[in-house]
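The values are calculated or read from the model by the stated rules, or taken from the named source; none is laboratory data. All values reported here derive from a predicted model rather than from experimental measurement. Note: accessible area is taken over every heavy atom of the protein model, side chains too, but ligands, DNA and RNA are not part of it. Shrake-Rupley method; radii C 1.70, N 1.55, O 1.52, S 1.80 Å.
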Amino acid sequence: MGLDRIKNGLAVSYVDHNTIQVGFENADDHRYLQSVAARFGIIYSRPGNGICHQLHLERFGVPGQTLLGSDSHTPPAAGWG
């Protein structure tokens, strides 16, 4: 699109598909995502908080708004109403 920057009304980082593992890798990923969210003013939905498909619809979905960067099941959350 040729844009250097964008302005959005809301950004949410969900950690719901990468939660169970015996090693340290997931915990490291979660800490990194949480630190990026804190740095850039993004809402961080921690592991165990729920599945993004339903959480976004219940907590953040607004009729008429556009939802970008979601997984394949979440886009309907932007079109409800």
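Here are some notes:
- In the list (i) 6.4; (ii) 6.0; (iii) 8.7, the label attached to mean projected area of the Cα convex hull in nm² as derived from the coordinates here is (i).
- Carbon-plus-sulfur accessible fraction, the chain (probe radius 1.4 Å, protein heavy atoms only): 55%.
- Interchain or long-range residues, amide H under 5 Å from Tyr44's placed H: Ser13
- The chain, accessible area per residue, ligands and nucleic acids excluded (1.4 Å, Å²): 78
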